[in-house]
Amino acid sequence: MEFRCVATCGFGLESVLGFELRRLGMQDVQLQDGRALFTADAPGIARANLWLRTAERVLLLLSEFPAETFDQLFEGVMAVPLGDYIDRTDAFPVKGFCINSRLTSVPACQSVAKKAAAERLKRDHRSPFLTEKSGVTKMLRFSIVKDRCSLMLDTSGDGLHKRGYRPLTHQAPIKETIAAGIADLARVREDSLCADPFCGSGTLLIEAALRARNIAPGASRSFAGESFRFLADAFREERAAAIAARREAPFRAVGSDIDPEAVENARLNAKRAGVGDCISFSVSDATKTALPREALVLANPPYGERLMTPAQVERLYQEFGERYRAAPSKGLYVISSHPEFERQFGQKAARRRKLYNGMIPATLYMYF
Ligand SMILES: C[S@@+](CC[C@H](N)C(=O)[O-])C[C@H]1O[C@@H](n2cnc3c(N)ncnc32)[C@H](O)[C@@H]1O
């Protein structure tokens with residue numbers, strides 16, 4: 001059976017996500033702001049959860065309908081055969097958001113959608129009550145954008161950026177999904193040498209190594225869909241295939257940070273992610289360290305928002321720029337939200353891309 005699905009992602013990563021979906025063999029991929037639609041069978045849904053590096057969630061698209069009023073929202077949800085997916089005893093929390101729409105109150109929309117879902121489930125299961133006590137949670141998510149509602153069933157559970165290797169974060173860590181997007185845009189290969197002179201908890205290099213070694217980012221975590229009867233077998237089989245797909249690779253990386261505690265955390269995180277043997281971390285000042293000439297440099301320096309003051313980061317960017325230009329590497333990919341990054345660094349980027357690092361609008365500056 002085929003399902004129309006939605007993979008959500010941070011703004012700016014849609015095209016990377018689209019390539020990932022096509023590489024995984026998904027059909028009818030269609031990109032929209034912050035998400036990609038695609039068609040997949042049950043194994044495809046499990047594969048998407050296990051393998052997508054830049055997606056935040058994988059959802060089944062149950063219905064799309066106009067929702068200019070609460071009545072339309074109620075009727076739209078009521079029209080979906082929810083009993084096909086949600087059992088009488090399953091919990092079905094409802095979460096959503098509204099953008100550029102007449103309906104603006106998210107709590108009110110959530111409550112209307114929940115009531116409609118409950119009515120539909122009672123009808124489908126021919127039961128006057130629902131217990132929500134099976135221990136299985138089927139989260140319904142909706143988005144109302146320009147008065148159109150998408151109603152979806154969440155197959156991921158925790159956001160897919162939660163790989164499970166990073167309980168130890170340093171200050172201002174980059175989201176794993178954004179780090180993976182940067183590794184993709186930098187075209188990290190199985191034989192690449194990568195460097196991160198502001199490594200913090202090591203996320204950029206760990207994501208680069210996972211990619212180089214063909215390690216599925218979700219192989220060590222669980223997913224909501226594993227407890228859905230119609231997806232459970234597919235998840236079991238695809239997880240076994242994902243574990244078997246790991247490969248040895250000549251990939252190497254060097255990470256450094258001025259803070260010894262960050263370096264210690266990065267080492268532990270890399271080990272936990274199963275890539276500790278190919279990344280070496282050390283304490284070092286990025287303004288004084290020469291980077292390997294053959295390296296693809298991935299960097300997430302402080303922005304002057306969460307870490308350091310704007311004046312301090314400007315000086316840091318200047319000194320890093322001077323150091324870098326004295327001995328440039330094969331490529332440099334820097335993400336920063338500082339509007340003056342290029343000027344302070346002292347060089348215009350060959351390419352730029354707007355990316356959101358969580359809620360922070362930032363730009364990826366690419367030098368090659
Ligand atoms: C935004 S954080 C990096 C976060 C990292 N990408 C992660 O996922 O955890 C910036 C890092 O730059 C480090 N840093 C600041 N000044 C530095 C310098 N001069 N040399 C090296 N690292 C520096 C900080 O200690 C901090 O860990």
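The values are calculated or read from the model by the stated rules, or taken from the named source; none is laboratory data. Keep in mind that what you see is a predicted model, and the values were worked out from it rather than measured. Neighbour counts run over all protein chains shown; Cβ positions are idealised from the backbone, glycine included. To get the accessible areas, we keep the full protein, side chains included, count just its heavy atoms, and leave off ligands, DNA and RNA. Shrake-Rupley method; radii C 1.70, N 1.55, O 1.52, S 1.80 Å.
May I ask for the net charge around A349, where only other residues with Cβ less than 12 Å from the Cβ of A349 are counted and Lys, Arg are +1 while Asp, Glu are -1?
Here the count lands on +4.
Counting other Cβ atoms within 10 Å, keep those with at most 13, restrict to DSSP loop, and tell me which chymotrypsin sites (Phe, Trp or Tyr not before Pro) in region 1-70 are left.
Those that pass, being in a loop and sparsely packed, are F11.
Which whole-number value in Å² is the accessible area per residue of region 24-65, probe 1.4 Å?
Here the per-residue accessible area is 31 Å².
Efficiency by 1/(1 + (r/R0)^6): what FRET value for N100 and A232, r their Cβ-Cβ distance, R0 = 56 Å, to the nearest 0.05?
Here the calculated transfer efficiency is 0.90.
R148 to S284: FRET efficiency via 1/(1 + (r/R0)^6), r the Cβ-Cβ distance, R0 35 Å, to the nearest 0.05?
After rounding to 0.05, the efficiency reads 0.10.
Using helices alone, what [θ] at 222 nm do you get for the chain, with -39,500 (n - 2.57) per DSSP H run of 4 or more residues, divided over all residues and rounded to the nearest 500?
-9500 deg cm²/dmol
Give a residue-ordered list of calculated ³J(HN,Hα) values for region 209-225 (Karplus: 6.51 cos²θ - 1.76 cosθ + 1.60, θ = phi - 60°; whole Hz; x for Gly, Pro).
Result, rounded to whole Hz: 5, 4, 5, 4, 8, 6, 8, 5, x, x, 4, 9, 10, 9, 9, 4, x.
On average, how much accessible surface per residue is there in region 244-313, in Å², for a 1.4 Å probe, leaving out ligands, DNA and RNA?
Heavy-atom SASA per residue in region 244-313 reads 51 Å².
Sorted by packing (mean other beta-carbon atoms within 10 Å per residue), highest first, where do 282-292, 193-203 land?
Ranked from most to least packed, the peptides come out as 193-203, 282-292.
Could you go through region 118-134 in sequence order and give the Karplus-derived ³J(HN,Hα) for each residue, using 6.51 cos²θ - 1.76 cosθ + 1.60 with θ = phi - 60°, rounded to whole Hz, and x for Gly and Pro?
5, 4, 5, 5, 4, 5, 4, 9, 6, 9, x, 9, 10, 9, 6, 10, 6
With point charges of +1 on the Cβ of Lys and Arg and -1 on the Cβ of Asp and Glu, referenced to the Cα centre of the chain, which listed residue (A240, L50, A270) lies farthest in the positive direction of the dipole?
Toward the positive end, the furthest listed residue is A240.
Ordered by residue, what ³J(HN,Hα) values in Hz, to whole numbers, does region 153-158 give under the Karplus form 6.51 cos²θ - 1.76 cosθ + 1.60, where θ = phi - 60° and Gly and Pro are x?
In residue order, the calculated couplings are 10, 7, 9, 8, x, 4 Hz.
Can you give me the accessible area per residue for region 99-153, using a 1.4 Å probe, in Å²?
Result: 53 Å² per residue.
Would you mind telling me the share, in percent, of accessible area of region 255-368 contributed by carbon and sulfur at probe 1.4 angstrom?
52
Quick one, can you get me the convex hull of the C-alpha atoms of region 3-154 expressed as volume per residue in Å³?
Convex hull of Cα atoms, per residue: 106 Å³.
Run down the lysines and flag those whose C-alpha is under 24 Å from the C-alpha of K162, throwing out any fewer than 8 positions away in its chain.
The qualifying lysines are K95, K138, K175, K271, K354.
As I understand it, the value is the acute angle between the Cα axis of helix 310-326 and the longest principal axis of the Cα atoms of the chain; what does it come to in degrees, rounded to 10?
Around 60 degrees separate the two axes.
What does the charge count near Q30 come to, summing +1 for each Lys or Arg and -1 for each Asp or Glu among other residues with Cβ under 11 Å from its Cβ?
Here the charged neighbours net out to 0.
With charges set only on the Cβ (+1 for Lys and Arg, -1 for Asp and Glu), what does the dipole of the chain come to about its Cα centre, in debye to the nearest 20?
180
Could you bin all the Cα-Cα distances of region 306-368 into 10 Å bins starting at 0 and give me the percent of pairs in each, rounded to whole numbers?
Pairs per bin, as whole percents: 21, 54, 23, 1.
Taking all protein chains in place and a 1.4 Å probe, what share, in percent, of the accessible surface of region 3-154 do carbon and sulfur account for?
Its accessible area is 52 percent carbon and sulfur atoms.
Which of the lysines could be linked to K133 by a straight reach, that is with a Cα gap under 16 Å, when you skip same-chain ones fewer than 8 residues away?
Answer for K133, where 16 Å is the Cα cut-off: K122, listed by chain and number.
About its Cα centre, how strong a charge dipole does region 3-154 have in debye, to the nearest 20, once Lys and Arg get +1 and Asp and Glu get -1 at the Cβ?
260
Taking H placed 1.01 Å from N in the peptide plane, check which residues at least 5 places from G96 or on another chain put their amide H under 5 Å from its amide H.
F142
In straight Cα distance, which aspartates and glutamates are under 16 Å from K114, not counting same-chain residues fewer than 8 positions off?
The reachable aspartates and glutamates, counting only those whose Cα sits under 16 Å from K114, are D71, E75, D87, D90, D124, E132, D154.
Report the rotationally averaged projected area of the chain based on its alpha-carbon convex hull, in square nanometres.
18.6
Quick one: Cα centre-to-centre distance for region 137-171 and region 296-316, in angstrom?
Using only Cα atoms to place each centre, the spacing works out to 29 Å.
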